[in-house]
Amino acid sequence: MTKPTFYITTPIYYPNDKLHIGHAYSTTVTDTIARYKRMRGYDVRFLTGTDEHGQKIQKKALSAGKEPLPYVDGIVAGIKALWQRLNVSYDDFIRTTEERHRVVVQKIFTRLLEQDDIYLGHYEGWYCTPCESYWTETQLKDGACPECGGSVELVREESYFFRMGKYADRLIRYYEEHPEFIQPVSRKTEMLNNFLLPGLEDLSVSRMTFDWGIPVPQNPKHVVYVWIDALSSYITSLGYLSEDEALRGQFARFWPADVHVMAKEIVRFHTIYWPIILMALDLPLPKQIFAHGWVLTKDGKMSKSKGNVVDPNTLIDRYGSDALRYFLLRDIPFGQDGVFTLESLMERLNFDLANDLGNLLQRTLAMVERFCEGRVPARGEVKEPEIAFAAMLKDVVAEVEDKMDERYDFNGALAAIWKLVRHGNKYIDEMAPWALNKAGDTDRLATVMYTVLDAIRAVSVLLQPFMPDTSPQIWQQLGIEPGEVTSWDNAKKAGILPSGHTIAKGESLFPRLDVEKEIGELNLLMNPSSSSPEEASQNNEKAKADTKVEGVTSLIAIDDFTKVELRVAQVISASKVEKADKLLILQLDVGDHQRQVVSGIAKYYTPESLIGQKVVLVANLQPVKLRGVESHGMILAASTEDQLVLVTVAKDIANGAKVK
Ligand code: MSP
């Protein structure tokens, strides 16, 4: 029997910068669905990739002194490495700069031009580069981009246009006939009221003001609009219009997509432009567009300029990828916004992972070692508590399936799995195996220990889509090989675990964390420049205190150290910052340039005493504003509880000299 297919995609991300936990969230949820569907017997195809063309990327590359392609190559390598660390099981990674994509986009454009869905005209409107979007005068909000609030530029140029309006009625009908098409439904109402019902204007689908894109074959001074280019990747990657017959077969097999996953800000492109392009190409529409919410930080959406970007690598380095996956899937209700805080991360790691799951495995295996000679005992007579446990297991599996099948309610599915985990711990407390051991009741002891081990097996099976690293580690400790015993269909069957073999108790999967210490260190690691001076100094104090306890802070590689650019700088002038009694503004001569640094040394140095001093400057810190004053770097100082001494150079040396 052939397996049913399931085609799922993430957005293809812009490789203009490192990705943050928001992007990691989208990819993690998509991966979890893909893994779940595979386990449920689907032939899954999971696409992710990068959207590499457009003015924004060209400008970014230019400012980095690079050609666009080598520039994005580096970032794409970082993105792929991140997905590997997060255990993302994609089947294909499409880059829009690939030949297989370019030729097909050109074929698509040509076909649409030939059938007069696209025509050549003139465009005048407002363009927002960060959003790669055009707006009409009336759509602007206070003269700025209604999407990101950024500045827009007036553009008038020859342009190709897509006759979107021609398909609007058909699209509205499609929405009506397919209530499941846009999820959550609130987005559908928004699309209808804001865009479709007022009437669709023709969409400008080419640009002439830059050349980093796919050339329009008939008129190569135009490049194809990035959104037409990007959306097409969902079909070019499958083999649509490919010369290769096998690839065309693959397209026929997997298209239409089952779900396109994304966050809410790009729903418009996926529920209006994309279906209309597909209608014009006579292709079926994707079955579902699923728009999740945003991962926010306390001060709103993450952005480089706010300095509140959370790098998933930092969290994976410290806690492992499954801990991050668990947190994202458990803490943010799918479809809604969720606020990422270090406190909520710590709670999840300490309570759910360390106290509940980690502890269940550790204590159970420790008791098997102590009471059962380290072997899985054979189950004896089953009594009421075991029957209740088995019934709960069935219910939990049904609940997980119900939550995952169409709603993708990860949070709900994990909450259901945790019912089992918590019940496991409660069952141990109530059955008190230590007392059974003491009383010499070996039959009952064997049944109790077996029942917990078997429940842990069931938990490990259910956890696979969510925490793909953890399940195999549990199997190893339980002494079982993956196979029938770890199949999804057997998860709900109590008593499947074989007995008689030796277990292999290992390290605790999720050690308990010292919350204060973690938060202090994470704050410093993640955003040293985003904290207020007060916070930064509190964090510093905290980190210093930790240093005293352990002797050293965490070790770093030499590569990490060489990232810090230290230079000799001479103080040319110094003055106080108004209403900030700790801060001084310093003007520094760094040899080849001058710069301003704000430093918290006012309690220890008068401005006059600093003039002429040669200090050590951290030259490549991101600029920050302290009390409204720009600071471009930081100067080094040694300090104790009540003393602070600037680091100066002992002999005269040229300003700007490197310190290594
Ligand atoms: N290149 C376009 C997508 C083209 S798809 C044919 C793009 N790229 S992007 O790099 O800006 O990625 C946007 C997507 O990244 C969002 O739709 C969402 O999936 C994910 N996220 C980016 N920031 C996010 C949060 N703060 N929270 C949740 N998801 C986030 O748009």
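Take the residues in the stretch 608-631 that are in contact with a Lys or Arg (Cβ under 8 Å, 6 or more places away or on another chain) and at pLDDT below 90, then tell me which one is surrounded by the most Cβ atoms within 10 Å (Cβ to Cβ). Lay out the reasoning, then the answer.
Within the stretch 608-631, the first condition is being in contact with a Lys or Arg (Cβ under 8 Å, 6 or more places away or on another chain), and the residues that meet it are 616-617, 619-620, 627, 631.
Now narrow it down to the ones that are at pLDDT below 90: 620, 627, 631.
Values: N620: 12, R627: 15, S631: 22.
So, considering only residues that are in contact with a Lys or Arg (Cβ under 8 Å, 6 or more places away or on another chain) and at pLDDT below 90, the one surrounded by the most Cβ atoms within 10 Å (Cβ to Cβ) is S631.
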Output the qualifying pairs, or none if there are none: Cβ atoms under 8 angstrom, residues six or more apart or on different chains, first residue in the stretch 494-522 and on the phi > 0 side of the Ramachandran plot, second residue part of a loop (DSSP other than H, G, I, E, B) and open to solvent by less than 30 Å² (accessible area, probe 1.4 Å).
G500/V376
Exactly one of V590, V568, V597 is farther than 12 Å from M634 by Cα, among the aliphatic types (A, V, I, L, M), open to solvent by less than 20 Å² (accessible area, probe 1.4 Å) and assigned by TED's automatic domain parsing to the domain that holds V647, and that residue is V590
Residue pairs, Cβ under 7 Å, 6 or more apart or interchain, first in the stretch 609-632 and closer than 15 Å to G307 by Cβ, second of a type in the set (S, T, Y) and open to solvent by 10 Å² or more (accessible area, probe 1.4 Å). List them.
L621/S529; Q622/S529; V624/S529
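Of all residues in the stretch 29-48, how many are out of contact with any Pro (no Cβ under 9 Å at 6 or more places or on another chain) and either free of Cβ contacts under 8 Å to residues at least 60 places away in the same chain or not aliphatic (A, V, I, L, M) (or both)? Don't jump to the end; show me each part of the working.
Narrowing the stretch 29-48 to residues out of contact with any Pro (no Cβ under 9 Å at 6 or more places or on another chain): 29-30, 40, 44-47.
Then drop every residue that is not either free of Cβ contacts under 8 Å to residues at least 60 places away in the same chain or not aliphatic (A, V, I, L, M) (or both), which leaves 30, 40, 44-46.
Looking only at that region, the number is 5.
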Say we look at the stretch 292-321 and pick out the residues that are of a type in the set (D, E, K, R) and outside any loop (DSSP other than H, G, I, E, B); which of these is most open to solvent (accessible area, probe 1.4 Å)?
D317
Can you report the number of residues in the stretch 413-435 which are open to solvent by less than 30 Å² (accessible area, probe 1.4 Å) and more than 14 Å from A390 (Cα to Cα)?
8
When you go through R35, R40 one by one, which is the residue that is away from the ligand (no atom under 11 Å from the Cβ), touching a helix residue (DSSP H, G or I) at 6+ places or on another chain (Cβ under 9 Å) and either open to solvent by less than 10 Å² (accessible area, probe 1.4 Å) or at negative phi (or both)?
R40
Which condition breaks for G213 when tested against (1) in contact with a helix residue (DSSP H, G or I) (Cβ under 6 Å, 6 or more places away or on another chain); (2) among the small types (G, A, S); (3) within 16 Å of the ligand (Cβ to nearest atom)?
(1)
Scan (1) of a type in the set (K, R); (2) over 18 Å from L231 (Cα atoms); (3) surrounded by 16 or more Cβ atoms within 10 Å (Cβ to Cβ) for the single condition K66 breaks and write down its number.
(3)
Would you please list the contacts, defined by Cβ atoms under 6 Å and residues six or more apart or on different chains, that run from a residue in the stretch 275-294 that is not assigned by TED's automatic domain parsing to the domain that holds S186 and of a type in the set (F, W, Y) to a residue that is within 11 Å of the ligand (Cβ to nearest atom) and modelled with pLDDT of 95 or more?
F290/V261; W294/A263
For the stretch 229-247, which positions are within 18 Å of E99 (Cβ to Cβ) and either within 14 Å of the ligand (Cβ to nearest atom) or touching a residue at least 40 places away in the same chain (Cβ under 8 Å) (or both)?
D229, A230, S232, S233, Y234, I235, T236, S237, L238, Y240, L241, S242
Suppose we filter the stretch 1-15 for residues that are more than 15 Å from D92 (Cα to Cα) and either near the ligand (Cβ under 8 Å from one of its atoms) or crowded, with 22+ Cβ neighbours inside 10 Å (or both); how many remain?
2
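The values are calculated or read from the model by the stated rules, or taken from the named source; none is laboratory data. All of these numbers come straight from a predicted model, not from anything done at the bench. Don't worry about glycine lacking a Cβ; one is built from the backbone with ideal geometry, like all the others, and counts go over all protein chains shown. Ligands, DNA and RNA are excluded from the accessible area calculation, which covers all protein heavy atoms including side chains. Shrake-Rupley method; radii C 1.70, N 1.55, O 1.52, S 1.80 Å.
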